[in-house]
Structure formats: C-alpha cells, structure tokens
Amino acid sequence: MSKIFKVQLSIMKPIFSVFLLCLFSIFYCKSENTEKENTDNNPYEFHIGGVLSSNASEGYFKQTIEHLNFNTPFMKPGNTFYAHSIKMDPNPIKTALNVCKQLIVRRVYAVIVSHPQIGDLSPAAVSYTSGFYHIPVIGISSRDSAFSDKNIHVSFLRTVPPYSHQAEVWVELLKYFNYLKVIFIHSSDTDGRAFVGRFQTTSQNQGDDIEKKVQVEAVIEFEPGLFHFNNQLNEMKNAQARVYLMYASKIDAEVIFRDAAHRNMTEAGYVWIVTEQALDANNVPEGTIGLKLVNASNELAHIYDSIYILASAITDMNRTKTITPPPADCDNSGAIWDTGKTLFEYIKKQVYKDGHTGKVAFDNNGDRIYAEYDIVNVKEVVNKDAIGKYYFNNDLNKMKLRLNESNIIWPGRLKKKPEGFMIPTHLKVLTIEEKPFVYVRPLKKDDGNSCKSDEIMCPLYNTSSKEPIVYCCKGYCIDLLVELSETIKFTYSLSLSPDGQFGNYEIRNNSASGKKEWNGLIGEIVYERADMILAPLTINPERAEFIEFSKPFKYQGITILEKKPSRSSTLVSFLQPFSHTLWVLVMGSVHVVALVLYLLDRFSPFARFKLINADGTEEDALNLSSATWFAWGVLLNSGIGEGTPRSFSARVLGMVWAGFAMIIVASYTANLAAFLVLERPKTKLSGINDARLRSTMENLTCATVKGSAVDMYFRRQVELSNMYRTMEANNYETAEDAIRDVKNDKLMAFIWDSSRLEFEAAQDCQLVTAGELFGRSGYGVGLQKGSPWSESVTLSILDFHESGFMESLDDKWIFQGRVEQCEDQEKTPNTLGLKNMAGVFILVAVGIVVGMVLIVIEIGYKKHHVRKQNRLQLARNYGQTWRAIVQKRKMMRMQGRTSGVGALSLSVEALPRSVLNIQSPIRSIETLPRTCRNSPSPTRAWSGRQMVHRKSDDIPLRSPIGGPPQLHFHNNLM
C-alpha cells in the first residue's frame, strides 16, 4: 500500500504545481488587466501652464511644448501636451487672479513660473494659489530660501538653487585654500540664517578628516538696511581669522565694504569671499572672490529643462498611476487634487542629465541640486574674471572644483595667497597642579608679591571668589612653557584650571536640554576662553575631536601603583628556612643517633665500657646522656670535651652524623640569608591582566581619577567593563588623594599615568609600579582647533626631543636621581633588626628561664636527697655504736669469765657516763666503722675518698622505759 501511495504522490506533485502556476497566472493577468484598464482610462491631453516674464519667454514656452509632442522618448504614444501661458504681473494679487482665471480653468497639470522684472512677490502668489490645490509649480528664477519651506510652498520646485546652496561651494573653496578658521557675516533675514546654517552643517559633514574641518571663529549678524558697520568691524579686527565670508544684499554690501576700506581691512592680508548679490556692489574690493550661477539669467534654458522634466514625470506617472483631472474652478472647487501630490513626488525623482543648464535634479525640498557656478575674482570693479568653476563631473559622478590659482589677484594686488589669520603674540595659557609637572604653592606676603626665580605666577580664577587667588607654579611643564615662549616668540599669561579638572564630556546640571558639555581645561579651550593648555594632558580620541594637540612632549602609558608588600616577621622567623616537617625530622634524628651511639658503645667489645662499681673511671664510659650531648654538640658545632664514642662502629656513625650536621647547618645558613637578608618582596599584582583585578569577588580595591583620560580609557575598553564598574565607585577626585591612600594602605592599587607614578615610586621606595605599561599614549600641548601656533609648537617639541632638552627635564623633575637610590637599595641586603631576630633572643631568654627553673628543682631535689642520706647515715652510726657496745660487753663478759668476776649487767645504766653520754646528737663521724666519740662534733658524711662536711638536723635517740635506746635502721643504702 505504501508503494502505491508513493506512486500516486509522485504523479500528483507535477499536476499540483501546474495548477498553482495557472492560478497565479490568472490572478496576475487579472491584476495587470485591471491596472491596464485603470491607466487606459487616464487622459490623453495634458495642459501645462506658464507664468512668464516676457513675450519672448511665452513664445519659447509654446514652441518647446510643440516640439515635445514629437519627442518619442519623453512621450507616451497618443498623449499630447498643450501650452497655456500668461505674463507675470508685478502685482501679486493680480497674478493670483490671472492664474485662477486663465490657467486653472484650463485644468493645467503644472505651472512653470518665472521671476518678474519688477517686484519679487508674484512667484509666491502663484505658489500659494496653485499649492492650495497641490498643483505642482516649477520656478525657474526664484532663489529665496523661503520657497524651500514645504509648510508654506507645499508644491514648489525650482530649477535654480536657493542662495544658501552657495555654502557648499564656499566650503570647497576654503578647503582648497586651506583656510580653516573664518568669520561669517550675514544679514538677519531668512536667506542669511539659512545660509549660515547650511554652511555650518556642510563644513562639519565634509569628509572624515578632522583636521580639515572649517571652524567659524565668529558669526556677525546684522539687520538689513544698516547705515554703518563700525562696531562689527572692530570685533572682526580683534579676532584671529582674516577670512571673511559675507552674505549680504548689494546695498548692505556697499556699506560694509565702505567701512572696511576705512580700516584698511580690504588690503593685503585679508580675504573676502562673497555671494552673487554682494559681488554686484559698486565698491567691491579688489581681490574679492565671488560666485556666479551658470545660466542664472538664461530664462529660456530653464524653461526648456522644466518642460522636459515635467513631461518625463507625467509620462512615468501615466504608466503606473491613475490620473484624475485637475481642478477647473477656483471659485467652486475646494477639494485637494491627490494626483497633484503624486505628480509632485514624481517630478522630485526625475534626473535630466543633458539639460541646457546642466544636470537637473531635486532634493527632498524640491530645490535644484548639481547647479554649476563660476568662481569670479574681482581685479577691478568693472573687471570680474572667472578663475575657476564648480561643475558636475560625469566620470566621478559628483561636483568638482577646478581653479586656476595663478590667475588670482588677492587684496593688496598680491599674487601670493594670504595666510588667512593673524597670529596673536600674547596667549592665555592654562595649567593644573600635577606633580612633578606642575608644583603649586600659594604666594605669601613674605615673598614681596613676587614668585621665586624658578617660578611663574599662576592665579586661580573661579566663580566662587571675585578676586583671583594668586599662586606660584614651577615644574616640568613650566620649564617647557618658558622654553617654548623663547623659541617661537610669544608672551603669555598663566593661570590654573578654574575647576581643578582636566576635562570631562558630561551633561551639566544646569543644562535643561541635557546636552553634553566639556568642563575643566578642555572646556576652556573648546569655548575659546583660553589659547593653550600646557599640562600633563593625555592625547585621546575624545579630546582630539574638539581641540587640537601638538606632537607628544612626553610619551607614557598607564600603569598601577601599589605599596611594596612587607615580609611579615614573626617570632619564629628564624625557623622559616626549613619546613615544619624538616625541623621535626632533624629533631628526631638527633635523639635516634644518640640512642644508636649509646647502644654501639654499650655492646662493642672495644668500647672500654666500665660499670660504675667496676674498676676504672666513669669518664671512660659513654652513657645515654653523654651520647645525647655528643649528638647535639656535633649538630650545633659546639666543642665536645667529654663523652665521645670509643668504639670504631660508633665513631663511623659519629663521622656520618658530623657530615649530616655540616650539610644541615650550611643549608640553614644559606636559606636564612635568602629569607631574612637578600630577598626583596615582589609586587602583589602582575599587571592589568591580573585575575585579581578582573574578578569582582577578590577583596582588592583599585581606583583612578574621575573624568580623567584613564577613566575614558576604561570606558572605551569592553573587556575591562566589569573591572570599570567595580572601580567606578572607588574613583577619586584627585591623584593626590589616591596616592596618599596607597601609602596609608587604604587603597591597594591606583591606576594612573606612568610618568606620575614613576615619579612617586622614585620619591618613596616603598611604592612600586606593577606590570607593564598599557594604553600607551602621550602628553601633548592643547590648542584651539585651527590654531596658528599648532605647527610651530609641534616643530619646537620635536627639536626639543632631538636636542636632549626633554631628557634633561625628565632627569630634573621626574627621576631626580632617586631611581638609582631605590635601585641601590634593592641591590643592598636588608639589615636585620630586632623584628627579624626577636625569636632567637626569646629562645635564649626561654633557655635562661628554663635553666633557672631547673636549678631550683635541682636544689630542692638535692636538699631532699641529702636529708635522706643524713638520716641513713645517722642510722648507720647508731647501728655501729650499738654494735660496738654489744661487742664490748661481750668482751667484758668474756674477760669476766676468765678472771672470775661476776656477771656484768647489760643495762645501759651500768655503763660509764662517759660512754653513755648521748644526750646531745652526734654531729660527725670521722670514719666507718668506728666507735662514736662522746664529745659532739660536726658530722662528716662519707663519700668514697672524700670527707664532705654537711650540716644535718639533730635526730634524738629514743629508748623504751627501762631499756636501751631504740635505733631505726634503713635498708635503702646508696
């Protein structure tokens, strides 16, 4: 079944495709037929109206339309154009009535209007009347800017450009002559304001070369019909620019030229570029450059181009759009003609390349573009020669300027092009406090209102105080300023930044429109309140868009400042050379070796080991205590006077242990020097790519200065966005505050210009820069856009680099010879102090304390031991005395038996008094065994060969009643 289904599906696919194709063809043909039916219903006759200035123009108008009907490329077969014209009336009301009565009643599709010979309001009347019904009007001579306003002239087009379009030619002329700073003079009417607006827009949008953008130094606006121009000319003479662009009527231009000639402002060194109206003034200065529209007065050529543009638009619309008849009555018809709106859009899209007036095209306002101009040079009032042309180049498909510069006569009859500006010799220079580039100190009364020889007065002007605060400045940039002024010959007045900032592009608090503005040093230059910035000003794209920089006088980058990490010295710092495991092994090895030495000497047959009670001396024996003392003595390299191994096997182990001790001690000594003496701590950070800086989880604070070039750098770098968001909350107002916090351990890393941070590291050897430089740039002299001093300053700075002057400034202000000091300190070993070796002294103190405790224990123990021995010795003495008495009685008994004497009494009372006189304790015993002496004497304890006199406590003898004294004997004899 599946196979049958697949076969059926394969058969149905092409059938279904053919069905869809037929269905699409039916709908397409139907829509095409519908559209064709709609266009077939379009009219075949088209009436064109004309409001012209002369009979000749009317005749040419009708003749051109008659020829048009036979021009196949512009005509749809079967269509016919008819001409209806009236003559322009100077009265605009009559002109409007004639348009209604003679043109609109004939159902005209468009109206071509000329300019009257007298008056200038009639074209506007035609535009208002026709525009009410949206009937297109093509002007062939009206150049007022008001016709570009589509809110008023809703359906007006023109084959001539408005006067304001000359601004484009002016921009090309200025760039050709390299005049980048100008003064613009214009009347305060609609055309004048439109002119300056278009000029400023065009000058800023011409190309991508920032260096070639024209800057307007001043805009002088005047009321038409003025009687004198003295105040404005005084303002112009004080400006730098000497290139004057003027839009004025013929009458106003004559007044301006008259007053300018009285101030010699039309002589050598000045440049005047004017419009067509001003060029017609009777007293136009010699050397003035002006413009003339090509075919401006050729009304017939414009009629011809207008008719063919209109015919082409109607033909295109007739092919695709439904055309309804135009209104036929001004009195009864009030509806808007929708076809007129469509026709207006079709006319704007037309491009006529081979027109009699050149390439004809329109912009969105219906104004003529690609208009051609002749560049005119006034050599005499009556002689105005064309020195070039602004024309459409078909190969490049754009407008092109062509000039013959050698034929130009400049004011003062000079053949050489003027500079176009006056270089001011006195400059207002701004700087900012930034060590070591600028040191600032307040001027004191003791100074006698003058700074020192190496300082320059630099007052601070701000809005908070009426009177300036006077300071004295010196440093790297101040020396550079003095050298520049002497080299390129200018005078200056130096002052500090009003708000203490370099410059940030931000929205002002008092700006209701939310527009961004520059503050700080950059703002003073941008808004032309200063001429030059000589400070550690970083060159970056954001600033270079608004001000001009010289070549860098100091190349630098961005780096990180941090405080050197100090090694934490503890009480056990002297133990750092070895690990804890190694120390445990060494301590264990001492006692293991001591034990092995004792055993080897104990069981070796050649060790001369003697027991204590055997013959020989105890000094010859190596007991466990002596072995331990020997092992420690060898390890600590102390002299060993006794207790050395005697056997050969123990001595071999002793030599091996001595070698081990030598290696351990040598290694400990070397590592101790490395840890405590020679090693210098390294930086904490490796650079900007350190993971701790990039990670927001690390407890590492870093910051820079708000609104600085470094801040702008981080904002530009996408890969540093996380880091910037973290550090943005920590940023400081000034670099001084940040550096102080780094020294006080409140800030771990300060990111700033390398020149300043290298200076700080040279001043304080506890500070160090981390990692390599990044974001490399340079410090440049800031100037106004188009400043005449730019080239001179740049060349001078390049000369300073070649001559070594900049290097001498580096040595004098940045390094100051202190880098070598820090380097020498790095090479010199650290001096050990009490902090490093405190543990050793504490170890000695502990040893002393332990020794004192042990000696107290020993003394106590010895007293206890002596007391026990005295008791034992007394017991022995009593025992011997008792034994002697018993022996004597035995002897006496035996003698009595032999001599027949009666029995002796064994009673103690029977003994002689001299013998039993034991009421006082026995003090000493000379020898053992001996009879005790009756007389008391100091007891001398027996200790081998010596007699040691000791004082013992008296021990009374007690005896039972009626019996002999009891004697207590102790068996714990030593």
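Observations
- Residues located in segment 344-360, provided they are under 16 Å from residue 155 (Cα atoms) and either free of Cβ contacts under 8 Å to residues at least 12 places away in the same chain or out of contact with any strand residue (DSSP E or B) (no Cβ under 9 Å at 6 or more places or on another chain) (or both): 345, 346
- Among the candidates 675, 714, the residue that is at pLDDT 85 or above, of a type in the set (Phe, Trp, Tyr) and within 53 Å of the chain's Cα centre (by Cα) is uniquely 714.
- Within segment 271-318, considering residues that are among the acidic types (Asp, Glu) and assigned to a helix (DSSP H, G or I), the one surrounded by the most Cβ atoms within 10 Å (Cβ to Cβ): 305
- Selection status of residue 388, open to solvent by less than 50 Å² (accessible area, probe 1.4 Å), under 30 Å from residue 282 (Cα atoms) and in contact with a strand residue (DSSP E or B) (Cβ under 7 Å, 6 or more places away or on another chain): yes
- Residue 135, sole failed condition from (1) closer than 16 Å to residue 61 by Cα; (2) touching a residue at least 60 places away in the same chain (Cβ under 8 Å): (1)
- Residue within segment 779-788 that is under 20 Å from residue 709 (Cα atoms) and among the hydrophobic types (A, V, I, L, M, F, W, C) present: yes
- Residues of segment 754-802 classified as surrounded by fewer than 17 Cβ atoms within 10 Å (Cβ to Cβ), closer than 26 Å to residue 550 by Cβ and not aliphatic (A, V, I, L, M), total: 5
- There is no residue in segment 199-215 that is out of contact with any strand residue (DSSP E or B) (no Cβ under 9 Å at 6 or more places or on another chain), surrounded by 18 or more Cβ atoms within 10 Å (Cβ to Cβ) and hydrophobic (A, V, I, L, M, F, W, C).
- Selection within segment 459-494 - under 16 Å from residue 426 (Cβ atoms) and buried (at least 20 other Cβ atoms within 10 Å of the Cβ): 481, 484, 494
- Verdict on residue 335 being open to solvent by 50 Å² or more (accessible area, probe 1.4 Å) and either modelled with pLDDT under 90 or of a type outside the set (A, V, I, L, M, F, W, C) (or both): yes
- For residue 185: the one exception among (1) surrounded by fewer than 21 Cβ atoms within 10 Å (Cβ to Cβ); (2) over 24 Å from residue 370 (Cβ atoms): (1)
- Members of segment 538-592 found to be at pLDDT 85 or above, under 30 Å from residue 686 (Cα atoms) and in a helix (DSSP H, G or I), listed by number: 541, 542
- Residues of segment 105-123 satisfying the condition of being surrounded by fewer than 24 Cβ atoms within 10 Å (Cβ to Cβ) and touching an Asp or Glu at 6+ places or on another chain (Cβ under 7 Å): 105
To keep it simple, each residue is scored yes or no on (1) within 54 Å of the chain's Cα centre (by Cα); (2) among the small types (Gly, Ala, Ser); (3) under 29 Å from residue 97 (Cβ atoms).
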residue: 288; (1), (2), (3): yes, no, no
residue: 310; (1), (2), (3): no, no, yes
residue: 330; (1), (2), (3): no, no, yes
residue: 349; (1), (2), (3): yes, no, no
residue: 352; (1), (2), (3): no, no, no
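- Qualifying position, being at negative phi, in contact with a Gly (Cβ under 6 Å, 6 or more places away or on another chain) and not charged (D, E, K, R), among 304, 247: 247
- Figure legend. Inter-residue proximity from segment 855-876: first residues surrounded by 10 or more Cβ atoms within 10 Å (Cβ to Cβ), second residues aromatic (Phe, Trp, Tyr), beta-carbon distance below 7 Å, spacing 6+ or different chains. Indicated pairs: 875/969.
- Residue check, residue 621 open to solvent by less than 50 Å² (accessible area, probe 1.4 Å), at pLDDT 80 or above and of a type outside the set (D, E, K, R): no
- Close pairs (8 angstrom Cβ cut-off, 6 or more residues apart or separate chains): without any contact (Cβ under 8 Å) to a residue 60 or more places away in the chain and of a type in the set (Val, Ile, Thr) in segment 158-175, surrounded by fewer than 24 Cβ atoms within 10 Å (Cβ to Cβ) and assigned to a helix (DSSP H, G or I) anywhere: 171/202; 171/203
Residue-wise test of (1) open to solvent by 50 Å² or more (accessible area, probe 1.4 Å); (2) among the basic types (Lys, Arg).
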{"site": "372", "(1), (2)": "no, no"}
{"site": "376", "(1), (2)": "no, no"}
{"site": "392", "(1), (2)": "no, no"}
{"site": "397", "(1), (2)": "yes, no"}
{"site": "408", "(1), (2)": "no, no"}
{"site": "418", "(1), (2)": "no, no"}
{"site": "436", "(1), (2)": "no, no"}
{"site": "445", "(1), (2)": "yes, yes"}
{"site": "452", "(1), (2)": "yes, yes"}
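- Close pairs (7 angstrom Cβ cut-off, 6 or more residues apart or separate chains): more than 10 Å from residue 504 (Cβ to Cβ) in segment 517-531, assigned to a helix (DSSP H, G or I) anywhere: 530/524
The values are calculated or read from the model by the stated rules, or taken from the named source; none is laboratory data. All values derive from a computational prediction rather than experimental measurement. Cβ sites come from the backbone with ideal geometry, for glycine too, and all protein chains shown count toward neighbours. These area figures cover heavy atoms from the full protein model, side chains too; ligands, DNA and RNA do not enter into them. Shrake-Rupley method; radii C 1.70, N 1.55, O 1.52, S 1.80 Å.
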